[in-house]
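Peer 1: Here it is, the structure in full.
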Amino acid sequence: MPIVKKTTSAVKNRVERKQGRDCSTLLRQLSDKNPIARRWAVKDLVDCLDVSDELVELLRWEEDSSVREIILTTLTRRADEQAVAGLVECLRSEDASLRNEAIEAMKLLPDEVAPIMGLLLADADPDVRIFAVNVMESLRHEKVEKWLKEVIECDPHVNVCATAVDLLGEVGTPYSREALENLKMRFPGEPYIRFAADLALKRILSI
Amino acid sequence: MAELTISMEDFLKFREYFYRKTGIQFDDAKRYFVDRRLIERVETTDSRNFRNYFMMLRFEASGEELQALTNLMTVNETYFFREEYQFKCLVNSILPELTKSRKNQGPIRIWSMPSSSGEEAYSIAMYLLEYWPGINQWDVEIISSDIDTKILDQARRGYYSPRSVANLPKNLLSKYFSVSGEGFQICDDLKEAVEFTRVNLMNSVDVRGYRGFDVIFCRNLLIYFDDLSRRQAADTFYDALHPGGFLCLGHSESMSRISSLYQARKFSDSVVYQKSKEAR
């Protein structure tokens, strides 16, 4: 029988590191020319104090997708105030991919995003309010429907309400019924709002 | 906190919903089986009670919870040659492509996880020996890992129930196993072919040494993780794979929703995920 080789060194128990893993060395490695060094530095920074600002800054210029992805995972794992604030700032970026990455990361942080959701939904920029609704798309938080209901009751911008009503069609319950009915009256000249609100109502009432 | 229970009304409501979604019907005799798994998912998702969980299940946009529950309701235990189409893909497509582009004669390295009681890793070894001509030219290292040390001991012992080997062709059963008591003992050659190791995929220290793999099998594990843990696992596999290496997930799992670092590759036998050849 041919041999499938068993090896005693299949797993390297000790990986030799070229550079130190203390936090200050890791921070310096964020500007290393080698993306592998940057990726591992980001990965190992997960437990260092007060480094989220640096990670968010790196996210703004980093071009290597494998480094970008580990920055987002690391920020999500850290989930500290700076990390969340940095992700929120990314929502204001002109870079669409950065905005989308921030939205995806924030979806994973229901407990950290919940306290600032009110502020996001009250932001002066309607685009930020739309992104906040996008975050709710798969945010595992009990207040999602309440927030969406408030959006369709109060937000003056039709596009923000349209985004919210689409989502209510998926996650809404009879709790939002009246707000959906009223929404059609708030925007009587917007056929899409009427269509989306009716669709959401149909789904909700068929539960 | 009050103990979670599933009422008859809950059970009937769920049964009807699940049947409409999957076509799978549970009769009343399956009540205990269904209740246990529902309670497990209510707890895992922190839903607190069936009502909350059922609302989330029905309206979750991604459908991931329904997928996780579906797998829980349908998975029993692992067995030899489970999801065999991926082993076919390994010998018919993945390994020929890998060996064609290989610049050195180093061993092909395969990581199978979670190991469970070893059926997957031994199946890979058998499949290579039986159906891959390249085994005569290439050394292969198969490492199989699990977080559970007891199940790893069981895997190393290589003793299996008739049910576990039921899917094996008879000629392979008689070639690689001997009858022992009421079960089957795998041969020493296969036991020597696989190295079993304990690893927690979520522990960065545990996984740091797992590098330089050509193929990783991680089937029906990620469905039990939350989104962040899935991303961590995807990062770990990315670092563990050689550039151009392949990741094989379970039939209901997709890397596309977890990470953008892998390219889906559709072969005739299966869809698998590949780390870019240009990656470093």
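A short reminder: the numbers here are calculations on the coordinates, not readings from a lab. No experiment lies behind these values; they were computed from the predicted model shown. Methodologically, a virtual Cβ is constructed for each residue, glycine included, from the backbone with ideal geometry; neighbour enumeration extends over all protein chains shown.
Peer 1: Once you average over the residues of B:38-46, how many Cβ atoms of partner chains fall within 10 Å of each Cβ? Intermediate values should be presented prior to the final figure.
Peer 2: Working: counts 0, 0, 0, 0, 0, 0, 0, 1, 2.
Other-chain Cβ atoms within 10 Å of each residue's Cβ, averaged: 0.
Peer 1: Something else: What list of ³J(HN,Hα) couplings, whole Hz, do you get for the stretch B:37-43 from phi and the Karplus terms 6.51, -1.76, 1.60, once you set θ to phi - 60° and write x for glycine and proline?
Peer 2: 6, 4, 4, 4, 6, 4, 6
Peer 1: Between A:ASP127 and B:ARG58, take the C-beta separation as r, use R0 = 22 Å, and let me know the FRET efficiency to the nearest 0.05. Walk me through the intermediate numbers first.
Peer 2: Details: r = 31 Å, r/R0 = 1.39.
The computed FRET efficiency comes out at 0.10.
Peer 1: I'm checking a number: the convex hull volume of the Cα atoms of the stretch B:206-275, normalised per residue, in Å³. What is it? Show your work: numbers first, answer last.
Peer 2: Details: hull volume 5.8 nm³, N = 70.
Here the figure is 83 Å³ per residue.
Peer 1: How much length, in nm to one decimal, is gained on full extension between B:ARG36 and B:ASP206, taken as 0.36 nm per residue of separation minus their Cα-Cα distance? Walk me through the numbers before you get to the answer.
Peer 2: On the way: separation 170, 0.36 × 170 = 61.20 nm, distance 3.15 nm.
Stretched fully, the B:ARG36-B:ASP206 segment lengthens by 58.0 nm.
Peer 1: Another one. Above 25 angstrom, tally the Cα pairs of chain B and express them as a % of all pairs, no decimals.
Peer 2: On the way: 20326 of 39060 pairs.
Above the 25 Å cut-off, chain B has 52 percent of its Cα pairs.
Peer 1: Now, a different point. Describe numerically, in nm with one decimal, the distance between label points set 7 Å from Cα along Cα→Cβ at B:LYS277 and at B:ASP226.
Peer 2: Rounded to a tenth, the inter-label distance reads 4.0 nm.
Peer 1: Which residue, chosen from B:TYR85, B:TYR131, B:SER259, occupies the Cα position most advanced towards the positive end of the dipole of the stretch B:84-275, where the dipole is computed from +1 (Lys, Arg) and -1 (Asp, Glu) charges on Cβ about the Cα centre?
Peer 2: Of the options given, the answer is B:SER259.
Peer 1: Shifting gears a bit: Which value in Å does the Kirkwood hydrodynamic radius of the stretch A:30-94 take, with 1/r averaged over all unlike C-alpha pairs and then inverted?
Peer 2: Working: mean 1/r = 0.0861 Å⁻¹.
Result for the stretch A:30-94 stands at 11.6 Å.
Peer 1: Given the pairs B:LYS21/B:LYS275; A:LYS202/B:LYS13; A:LYS107/B:LYS13; B:LYS150/B:LYS191, which are separated by over 27 angstrom at their Cα positions? Provide the component values of the computation, followed by the final result.
Peer 2: On the way: B:LYS21/B:LYS275 33 Å; A:LYS202/B:LYS13 20 Å; A:LYS107/B:LYS13 30 Å; B:LYS150/B:LYS191 17 Å.
Beyond 27 Å between Cα atoms: B:LYS21/B:LYS275; A:LYS107/B:LYS13.
Peer 1: Follow-up. Can you bin every Cα-Cα distance in the protein assembly as shown into 20 Å intervals starting at zero and give me the percent of pairs per bin, rounded to whole numbers?
Peer 2: 20, 48, 28, 3
Peer 1: Students often get this wrong: which residues of the stretch B:138-160 have the backbone nitrogen under 20 Å from the point 7 angstrom along Cα-to-C-beta of B:ARG198?
Peer 2: B:143-159
Peer 1: Write down the radius of gyration of chain A and its Dmax, each obtained from C-alpha positions, in Å.
Peer 2: 22.4, 78
Peer 1: When the Karplus curve 6.51 cos²θ - 1.76 cosθ + 1.60 is applied with θ = phi - 60°, which whole-Hz ³J(HN,Hα) does each residue of the stretch B:171-179 get, with x for Gly and Pro?
Peer 2: My calculation for the stretch B:171-179 gives 5, 6, 4, 6, 6, 10, 10, 10, 6 Hz in order.
Peer 1: If I take R0 = 51 Å and measure r between the Cβ atoms of A:ASP80 and B:TYR19 in this structure, what FRET efficiency does the formula 1/(1 + (r/R0)^6) give, to the nearest 0.05?
Peer 2: Numbers: r = 45 Å, r/R0 = 0.88.
About 0.70, to the nearest 0.05.
Peer 1: Convert each backbone phi in the stretch B:206-211 into a coupling constant with the Karplus relation 6.51 cos²θ - 1.76 cosθ + 1.60 (shift: θ = phi - 60°), then list the ³J(HN,Hα) values in order as whole Hz, x for Gly and Pro.
Peer 2: Working through the residues one at a time gives 4, 8, 4, x, 8, 9 Hz.
Peer 1: Applying 1/(1 + (r/R0)^6) with R0 = 22 Å to the Cβ-Cβ distance of B:SER161 and B:CYS187, what FRET efficiency is obtained, to the nearest 0.05?
Peer 2: Numbers: r = 17 Å, r/R0 = 0.77.
It comes out at approximately 0.80.
Peer 1: Also, quick follow-up: Based on alpha-carbon centroids, what's the gap between the stretch B:77-142 and the stretch B:152-176 in Å, whole number please?
Peer 2: The distance from the Cα centre of the stretch B:77-142 to that of the stretch B:152-176 comes to 17 Å.
Peer 1: Report, as a whole number in µm² per second, the diffusion coefficient that Stokes-Einstein gives for the stretch B:44-151 at 20 °C and 1.002 mPa s using the Kirkwood radius over alpha carbon pairs. Mind dumping the intermediate values first?
Peer 2: Numbers: Rh = 16.8 Å.
For these conditions, the coefficient is 127 µm²/s.
Peer 1: How long is the stretch B:8-74 along each principal axis, judged by its Cα atoms, biggest number first, in Å?
Peer 2: Reported extents, whole Å, longest axis first: 29, 22, 19.
Peer 1: Summing Lys, Arg as +1 and Asp, Glu as -1, what charge do residues with Cβ under 9 Å from the Cβ of A:LEU121 carry, A:LEU121 excluded? Intermediate results must be reported in sequence, preceding the final value.
Peer 2: Numbers: positive: A:ARG129; negative: A:ASP123, A:GLU150, A:ASP155.
Local charge sum for A:LEU121: -2.
Peer 1: Okay, moving on. For n ≥ 4 DSSP H runs only, could you compute -39500 (n - 2.57) per run for chain B, divide by its residues and tell me the 222 nm figure to the nearest 500? Don't skip to the answer; put the middle values down first.
Peer 2: On the way: 12 runs with 116 residues, N = 280.
Result for chain B: -12000 deg cm²/dmol, rounded to the nearest 500.
Peer 1: Continuing with the same structure: From zero up to wherever the largest Cα-Cα distance of the stretch A:115-207 sits, split into 5 Å bins and tell me the percent of pairs in each.
Peer 2: Histogram of Cα-Cα distances, whole percents per bin: 3, 16, 30, 25, 18, 7, 2, 0.
Peer 1: Same structure, new question: Could you work out how far apart the two model spin labels at B:GLU9 and A:GLU57 are, taking each label as a point 7 Å from the Cα in the direction of the beta carbon, and quote it in nm?
Peer 2: 5.9 nm
Peer 1: Mind checking the full-extension length gain between A:ARG177 and A:CYS23? Use 0.36 nm per residue of separation minus the Cα-Cα distance, one decimal, nm.
Peer 2: Residue separation times 0.36 nm, minus the Cα-Cα distance, leaves 50.2 nm.
Peer 1: Per-residue Cβ counts within 10 Å, from other chains only, averaged over A:69-78: what number is that? Intermediate values should be presented prior to the final figure.
Peer 2: Working: counts 7, 6, 0, 1, 6, 2, 0, 4, 4, 0.
Per-residue shielding by partner chains comes out at 3.
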